[in-house]
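Shown next, in structure tokens, is the structure this report addresses.
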Amino acid sequence: MIAASLLATLVALQTTGESAVAIKNDNPETWTVEYPFLIRPYVADYRRCLALTNRRIAGKADFEQQHAGDVTRCVEARAKAVADSNEVLAGAKTTLSPAEVAQLFDNIGAIHIARGRDLDQQFMMRLAGAEAAGEAYEANKPKGLVIELRDASVVKARTDATAPAAQEQDKDGK
């Protein structure tokens, strides 16, 4: 998902003619999810439920809301995954308490919402960059080309036999 959003951002940057600028995050947010290998299928099922949905791109930053809606939509899948995980871990060497399993799936949901928030921030940053580029262009765009045209009668006079008389008028100012 992150790779797809990164790829989409790079493609968008190539089409607009802007270059990507790396910005150091002063407050990085790192999520780590560790769990026994035994419950991997249940974690994958829950993550699949969260990820497999249609996203609406409506020109506003609402991906966090859409991702939060995924968490509420997948409540049944989460409950089944927690129950199945607790059942599998009951007799295993590596154990997690039911509270730890529930916290694990809560963290997966929180990570999903954080991804939506990150997409919103990227979207808003791109909008701000596009607006700033538009304003800079408007401020620095070249002014129109001004061509000074002579009176048509003077041009015509120079093309016919009376051209010397027209030149005399231009010198005298009459």
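Taking the stated definitions as given, is Q66 open to solvent by 30 Å² or more (accessible area, probe 1.4 Å) and either under 21 Å from T30 (Cα atoms) or part of a helix (DSSP H, G or I) (or both)? Full working, then the answer.
Values: open to solvent by 30 Å² or more (accessible area, probe 1.4 Å): no; either under 21 Å from T30 (Cα atoms) or part of a helix (DSSP H, G or I) (or both): yes.
So Q66 fails the test.
Name the residues in segment 39-63 that are within 24 Å of M125 (Cβ to Cβ), open to solvent by less than 40 Å² (accessible area, probe 1.4 Å) and in a helix (DSSP H, G or I), would you? F63 - this is the single residue of segment 39-63 that is within 24 Å of M125 (Cβ to Cβ), open to solvent by less than 40 Å² (accessible area, probe 1.4 Å) and in a helix (DSSP H, G or I).
The values are calculated or read from the model by the stated rules, or taken from the named source; none is laboratory data. Being a predicted model, the structure only gives us computed values, none of them experimental. Here Cβ is always computed from backbone atoms with ideal geometry, including for glycine, and neighbour counts include all displayed protein chains. Ligands, DNA and RNA are excluded from the accessible area calculation, which covers all protein heavy atoms including side chains. Shrake-Rupley method; radii C 1.70, N 1.55, O 1.52, S 1.80 Å.
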